[in-house]
1. More than 23 Å from residue 591 (Cβ to Cβ) and not aromatic (Phe, Trp, Tyr): which single residue out of 291, 250 fits that description?
2. Hey, can you tell me all the residues within the range 689-717 that are assigned to a loop (DSSP other than H, G, I, E, B), out of contact with any Ser or Thr (no Cβ under 8 Å at 6 or more places or on another chain) and more than 29 Å from residue 290 (Cα to Cα)?
3. Does at least one position in the range 749-760 carry a residue that is more than 30 Å from residue 284 (Cα to Cα) and part of a loop (DSSP other than H, G, I, E, B)?
4. Say we look at the range 712-748 and pick out the residues that are more than 34 Å from the chain's Cα centre (by Cα) and charged (D, E, K, R); which of these is surrounded by the most Cβ atoms within 10 Å (Cβ to Cβ)?
5. Anything in the range 670-710 that is of a type in the set (D, E, K, R), more than 18 Å from residue 647 (Cβ to Cβ) and surrounded by fewer than 16 Cβ atoms within 10 Å (Cβ to Cβ)? List them, or say none.
6. Report the residue count in the range 354-384 for those that are under 42 Å from the mean Cα position of the chain (by Cα) and basic (Lys, Arg).
7. Which one is nearest to residue 627 (Cα to Cα) among residues in the range 703-729 that are in contact with an Asp or Glu (Cβ under 9 Å, 6 or more places away or on another chain) and of a type in the set (Val, Ile, Thr)?
Amino acid sequence: MIQKIGLQDFEICQIHREKIVYIDKEQSDSAKRALCNQCVAEQEKNRNLKMIDNIKSQLSNLMEYLIQNRESRTSQNIDLLKELHNFLHQQKGKFCYQIEKCQQNIDNQISLLQKANFQYKNKISQITILDLNSPDKLKTQIKKEFIDCKGVKDYLMKQINGFEVFSIKQLFEERIQKIDFGDQNLELEQLCNLEQVNNENEQQPKNIWKCDLHKEEIMFIDLGHQQTIPNRLACRKCVPKYNIQFTNIEDLQQQWQRYDQDTQKSAQTYLNFQKRINNQILKTVQEFKIEINQDIDGLCQLIQKSLQFNVYDSLYKPFTLLQKDWLTISKDEIIIIADSLSQKNRDQIIKANVRNEFKHNEQFLKTTIVSNFQKFQNLINTLVSEIQETIPKENNLYFSNKKHYQIRRPKNYSFLGPATTRNEQLSTENSPLIKREFDIESNRDSLEIDLNDRDSPQIKKISKMKSHFRQNWVKSIQRPFQYEVVSEINENSQTFTFAINSQTSILVLGQYKGTIKVFSFDDGSLKLIQVLKEHNFNVKCLYFMKQSSSFLSGSNDRSIIIWQEDFDKRWYSSQRLIGHQGYVQCIIMNTQENLIISGSQDKTIRFWIKEIDWKCHQIVRAHDNSVRSISLNTFEDQLISCAEEDLKVLVIQLQNDHKTWAIVNEIRVDYWGSSILFIEDSMFAFQPYGIDQLYLFKQQKTQKNQYTFKESITIKSGEDCTALFPQVFIKQKSILMTKNGRFINILRKDKNDEYVIAQSFENSVNCCGIQGTLTFNGEFLIIWDGQVNKIIVRRIEEY
């Protein structure tokens, strides 16, 4: 136990007239306990010394701990008492008089606890190191401030004994038993016998390190920024030679433990940051893989098709008439047939034209393959550029308002620089820059992130790659194109919606009175293979899954049906989702296909999750009318929606639990939305109802849930139309399809990086009588035109 230490003991050594810096805890004579550096050097043996600064620091830390611990426990116990108060308030109707009296007594206890806590805090705060000389007196003073926990409990139990209802009494008792102030005697012993706080460390075996000069035990360490002592190690005889601040072995060990904790924390923080970078790169690579696979599948189909002689696509006119029904042949076509049959060298002409057909097909095939592989190269350039651009907008991990940050790493280890977190799409002018330098300092490398240097070779290289990619990309989108008719079939039924699978092999139509028609799609040719009739009313929306052959349908019968394919290539209803109280008007899924999001005429958006079966996980109610359109961003952590006669766009954010969605913004608009779609992760297209404009909104760089109006694009409209029509965006071709009024508009970026109309299609008779979609690669446009009652398939032709 620390014995009496006079105030002078903490000032000047009476023998050497030097500053006192140590306390000898084994010295019984208080006059000899305080030691200066010279006293330590003259000791015959190393004793159990404690630095005064360390004792002060430990006392300060312990005082802070005691106050915080008391405040925490007081707060917890007050909360418990308040809970008791509220609990009794609920029973007030039955036990008015007893409860009010009990509540008053509890309020008195709360006031007493607050007052006792204030007095305890004052008493602890006034303790000095001199008070430790009189531990018994200190104990007596502090014990006066102890809380009689048992007395409080007994007093409260007496208040409840008059209650006759056993269940209430039992609940009351359970809450009272939670009141706890910890072991107050133990805390007092720690304060009055300070060395016990570090008893565990002091009982460890002594070190075996020896001073090189005096061959005595190492007791102190030089931790100064400028090294004063050789090797930074000192024994008791080394101390008088150096007028510096020493650190003893115990404190060195504690500091090293904190250093280890800080290092582990820093490494884990950076590892979590790196995981986000890797996930972003992985997603980019996976998207690249999907896009490449789709194009390669298309090439394989084209190569297989080239082995067939298709008279319908023939350049030689007589060949196109071979399979035509005789009764449908026109007068002019009869003349062509007669001329062909009347030629003397008919066999040679047939052979020559057949040879020309195959040569043409061969050239077309080669050109298509070369064009696709050039596109692959452009996609690779895009991938490289996107990975290179994974530069953080700001490093939130370790610095704030700093220009440099260093990460130490072992020499010769590879290092992957930090990247943007998800949701960060940065413009060139605001992107921070990475600069790598390798300095020789203590045989370690360093990596430096410079937020201001825009002239580094790496940045110039990235800018050059971006410029090269930009040039190739602009060349590809500047080529004019038209969708030309390749086939058409009759379809008399009113059609409301389309969906096509990612393999471009199956097309489904949602129609009148709950009918769904399934067509095979073979390079533009359609063939009806199945008719489904599980819905009771009109089918208004369809969604084809990408990882399977299943698809979803939403209907005016308020249900969603999940359709699966059996072994016979036939679709059947595997589950019906019930919950919406109005027409189901839009359906989408995430890429993992474990989440369905639906919008309805009942003004709600529902989130359905897959467990054993699909079930509704959450309902969002914020629109004032029928939900018409919804869209997920690329990272699938943000949803936007618009509704009929509702002058706002909702921004709904996935929360940190990765399960719950919450509305984070309402964007006010001057016209209600007919449809809405993310065309980039930081931009969405909004189709206002009834005007010849399409709006683009851009995400703010500093606030990811805030969007501002960017521009309006002139489109064709005609009369007002309330028919549902989801927008379609083909990223690789920068093609956007939207419907407004009587027109379907096909837009594409021009050389100025602005969207313009490339082609449009109109139903001049019935604005609701035209529907359509694009295949995933944008090669085919499929439209149902109610004016002629036909499904018309068009293929893109670039010039």
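The values are calculated or read from the model by the stated rules, or taken from the named source; none is laboratory data. Computed from a predicted structure; not experimentally measured. With ideal geometry, Cβ positions are generated from the backbone for all residues, glycine too; neighbour counts draw on all protein chains shown.
1. Details: 291 fails: more than 23 Å from residue 591 (Cβ to Cβ).
Result of the check over 291, 250: 250.
2. 702, 703, 706, 717
3. No: zero hits.
4. 742
5. 680, 698, 701, 710
6. Selection size over the range 354-384: 1.
7. 722
Conditions (1) touching a Ser or Thr at 6+ places or on another chain (Cβ under 6 Å); (2) at pLDDT 80 or above; (3) charged (D, E, K, R), marked per residue:
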residue	(1), (2), (3)
136	no, yes, yes
147	no, yes, no
175	no, no, yes
203	no, no, no
210	no, yes, yes
